[in-house]
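The values are calculated or read from the model by the stated rules, or taken from the named source; none is laboratory data. Note that this is a predicted model, so its numbers are computed, not measured. Note: ideal-geometry Cβ built from the backbone for every residue, glycine included; neighbour counts use all protein chains shown. Heavy atoms of the whole protein, side chains included, go into the accessibility calculation; ligands, DNA and RNA do not. Shrake-Rupley method; radii C 1.70, N 1.55, O 1.52, S 1.80 Å.
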Amino acid sequence: MPFAQPLRFAWRSLRRTPAFTATAALTLIIGIGATVAIFAVVNGVLLKPLPYGNPERLVGAWHDLPAIGIGRANQSSGTYFTYQRLSRSIDGIAAYQDGASNVSEPGSGTDPQRLATGFITATLLPVLQVSPAIGRNFSDDEDRANGPGAVIISDALWRTRFGSDARILGRTLDVNGRTREVIGIMPRGFAFGAVGNQLWLPLGLDPNATFSGGFNYNSVVRLKAGVTIETAQRDFATVLPRSVEIMPNFAPGFTMQMLLDQAKPVPSLTPLRADVIGDIVKTLWMVAAAAGLVLLVACANVANLILVRADGRQRELAVREALGAGRARVLGHFLAESVVIAGIAGAAAIGLAAAAVRVLVRFGPQDMPRLTELGMDPTTVLFAIALTAMVAVVCSVIPALRIGRVHMYSALREGGRAGTAGRTQHRVRGALVAAQIALALVVLAGSGLLVRTFQRLNAVQPGFAADNVVTLWLSLPAASYQGDSSLARFYAQLRGRVAELPGVQEAGLTSRLPLMERGGNSSPIYPSGDPSYERQVPPLQLITTVDGNYFRAMRIPVIAGRNFDRLELQRPGDAIVSRATAIQFWKDSTGRAAIGQRMRQLPGGPEYTIIGVVGDVRDTSLTSAVAQVSYFPQVAERDTLMGSARRQMALVIRTAGVGGGDPLSIASAVQGVVRELDPTLPTFDVRPMSAVLRASTARLTFVIIILGSAAVVTLLLGAIGLYGVMAYLVTLRTRELGVRIALGAQPAAVAAMMARQGLTLTAIGIVGGLGLFALVARFLRSFLFGVAPTDPVALVGAALTLIVVAAVASWVPARRAARVDPANALRAE
C-alpha cells in the first residue's frame, strides 16, 4: 500500500518521542471521546428513526383549548371514537395511558411488585406496526370494559422475573387484584410511552359510556400514505363537531356541545418524533456544542504540539530536502504522524465513548426520552472513524502550511544559529493559544451561568419543608377495595398506625406530591354566584385529595380558616384552596374573603364550602409560577367524578430529624405496617422529599456536569497550550535574555516581561471569547432562571479564572527565563 511505508516511518519517529506522542494522543482521546459519546446520544435520541413501521407516518393527536389558555390537551373517549369512526385521512388511531399496577403471583412465594404499566387500546400495536415477539396482541373483546383478563409483558420482565420460561403464555398473574392471562411478550428493547413500562393492559374504553370524560388519553395516529399532517388536521377539525353525536355528554351537567362552545378545542397534530423527544432538543444540542468546543480546543492543542515539534526539526527537514526528498514527501511525513496519533486516539476514544454512554444510560436523567435505546451502533462507529480522519487532517494542516512556507536555506541558516531566529513561528502558536482561551471562556461563562441558575433555583422557596420528610405510594386495587368507604377506612387505619411509630412526628396522605407528575389532575372550579363563568370555562386548578395531616407533615401553612379534620372525620362538603386560587376568584391575598365561599367542580356538580386557605406551593416546577390548587378531603362520595376517595395515595411522613436519623430509615417500618394490613399490597417510589427536589433539577444538573467538565478540560488544555508556547518562547530567546541580564536587567524584570506576553495572549483570547459568547448566549436563555445571559458575575468570574490560570502557566516559564546564565547563553551561541 502506498501509504503504509510513511505510516511505519511515522510510527518509528513517534516512538522516539514518547512524551509528545502520549500527550498528543491523550488530548485527542478526550476530545474525540467526548464528541463521539455525545453524538451517540444525539443520534439515538434525535436522529435515529423511531423503531416502528414507517415512523414518518405516525403523529400525535392533541387539542389546543385557546378559550381557556390550554395547549396540548389529550383525547377524551368521545373525541377518540369520533376520529376513529369518522376520519378519512388516517389508517388508525390508538389511545394509551401510562401508569403502574400491583402484580403478584399467589402461591409463588414472590413478593408483590409495583410495575410500570402501559394501558393501551388494542389498536396501538397495529398502528405502530409492531407485533409481540411471542404470543399475540389484545383482541377487541379483551379491550372492552370488563372483558377477558389479559396482559402482555416486556422482554425484560420475562427474563428477570420469569427466567425466560418458554411456557409463559397462558400463565396467570394477579394484576390489581384481578387474574389476567399472559398472552404475549414484546420484542426486546420495545418502548412506547413512559420509560420502563413492563406490562401492557387493555385500556377498555367504552363506546357506549354515559360520559365522554376529561381529556385524559394520549393518542397516536397513523396517516394514510401520501396524507400530510396539515390535511389530516383539517380532516379532524371537520369531524370534531360531530363528537356530540358520538357521546353527547362530557360530564354530569356538562354536555359535549357546551365544551365545544366554551373551550373551543382545535385539533393539533404533531410528528410522533417531536412528541417522543419533547423539549430535550435544546439540551442535547447545547451539550453537543460543548463537546465540539472541547474537540476544537484539543485539536488546537495538538496542532500546537506538532508545530513545536516541526519547528524543532526544521534543520533536519531542510537537510532531507537538500538531499533530494521532495517537499510533498516531507509534508506527507507530518500528515502520517497525525494519522497515527489520531488513529490511536480514535480507537481508544471509541472505547471511552462506549463506557460514557453506558454510564449515561444507567445514571442519566430518567426523563430523557429513548434513554434505553442509546448505544454504540454502526452509525456512531462510522462517525467516530470519519471524525478521527478529519482530526488527523486538521491537526496536520497548520504545521504543514507552516513548514511549506519555510525556505530550505532559511531553515538551515536559522538552525545554524541554534534557534535564536524563527520567532515568526511564535505568532502561529500564539494565535492557536488565543483561540483556545477564547473557546475556554465560552464554555466557562456558559457553565458559570448555569451554576448561577442552579443557585437561584436552590434559593426558591417551594412552599413546603422537604427536610426530614419521606414519601411512599400505595394503590388499592378495585377488585379488593370496591367502595369508597373501604378505601377511606384502609387509609385511615394506615395513617393512624404509622403515626404511632417511633420517630414519626406527622403522617399525612395526598393524591399528589409537589414537583411530581404522578397523581396530576386538573379541572376547573366554578365559584358559586359568579355569572361570568356560565358561558366560559374557569382557569384550571390542580385538584388534590388530602387528609388534614398532610399540611402539617409538609409544613404548608394554613393562612386563613381551618384545616381538615383527621381522615376518618373529614366531611365531603369541605374544601381548602391555595392563596393563588383565593386571589384568582376572590381577589384577596389574605384568604379571609374566600372563607365560607362555595364552589363546584362542574356546573351541575355538588357544592363545596371553602373552610381554609393554605400557602402556595411550587407544584409543577421550581421555575414556574405557583399553581392554583383546590384540595378536597379523602372521604366516600357517591359521584366518583367529583373528587371521591382516591385509590392511589402517597403517605407523607415527617420524622424527628436529628433524633430520628435518616428519614428513609422509617420506610421499612412503614412497609411492615402495610404488610400487616394487606400483604398483597406493594409500596413503591419510596423517596425523601429532598430527593424529589433534586430530581426536579436533574436535567439542569446533567447539563451543568457536562458543561462543567467541558470547562475544566478546555481550561486545562488552554493552560497547557499557553505554558508550551511560553516555554518554547523562552528557548527561542535564550541568547537575547542572556544579553539583557548581562547588560544589567534584573531577573525579576525579565520574568515580568515574559509573563506579560503570556497575559497579553490571554487578554486577546478573552476579548475574542467575549465576542463569541455574545453570539451564542441567546441559546442559553431557555436554561436560565433569575439570571441574564450577560450576567456580569458569570462573565467576570470566567475571565478572572482564565487570567489566574494563565498567570500561573506564564509565570513558570518566566521564572526559568529569569534564571538564564548569561555566560552559558552566549557560549551556546
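Seen against the Cα atoms of the chain and their longest principal axis, helix 698-732 is set at about 0 degrees.
Both radii are taken from the alpha-carbon atoms of the chain; with Rh as the Kirkwood radius, Rg/Rh is 1.08.
With all protein chains present, how much of the accessible area of the stretch 429-492 (probe radius 1.4 Å) comes from carbon and sulfur, to the nearest whole percent?
53 percent
Given a 1.4 Å probe and the protein chains as shown, residue 337 ends up with an accessible area of around 10 Å². Share of carbon and sulfur in the accessible area of the stretch 17-130 stands at 58%, probe radius 1.4 Å. Near residue 562, the amide H atoms lying under 5 Å from its own belong to 612, 613; only residues 5 or more places off or on other chains count, and H is placed 1.01 Å from N.
Take residue 224: with every protein chain present and a 1.4 Å probe, its accessible area is about 80 Å².
Solvent-accessible surface of the chain, averaged per residue with a 1.4 angstrom probe and all protein chains in place: 43 square angstrom. Once both labels are positioned 7 Å from their Cα atoms along Cα-to-Cβ, the gap between residue 478 and residue 770 label points is 6.6 nm. A full extension of the chain between residue 690 and residue 8 corresponds to an added length of 239.6 nm, given 0.36 nm per residue minus the alpha carbon distance.
Ligands, DNA and RNA excluded, the heavy atoms of residue 528 present near 40 Å² of accessible surface to a 1.4 Å solvent probe. Taking the protein heavy atoms of the stretch 744-810 in the context of the full set of protein chains, the accessible area attributed to carbon and sulfur is 77 percent at 1.4 Å.
7 Å from Cα along Cα→Cβ at both residue 756 and residue 133: what's the point-to-point distance in nm? Each label point is offset 7 Å from its Cα along the Cβ direction, giving 7.1 nm. The order of 804, 266 by accessible area, most exposed first and with a 1.4 Å probe, is 804, 266.
Note on exposure: 333, 63 ranked by accessible area (1.4 Å probe, complete protein assembly) read 333, 63, with the most exposed listed first. Computed from label points 7 Å out along Cα-Cβ, the spacing between residue 671 and residue 206 is 3.7 nm. Across the stretch 232-242, computed HN-Hα scalar couplings (Karplus, 6.51 cos²θ - 1.76 cosθ + 1.60, θ = phi - 60°) run 5, 5, 5, 4, 4, 5, 6, 8, 4, x, 7 Hz from first to last residue, x flagging Gly and Pro. Computing FRET efficiency as 1/(1 + (r/R0)^6) for residue 807 and residue 499, where r is the C-beta to C-beta distance and R0 is 51 Å, gives about 0.25. Our estimate of slack between residue 746 and residue 680, defined as 0.36 nm per intervening residue step minus the Cα-Cα distance, is 15.2 nm. Every helix of 4 or more DSSP H residues in the chain counts as -39500 (n - 2.57), and over all residues that averages to -16000 deg cm²/dmol at 222 nm.
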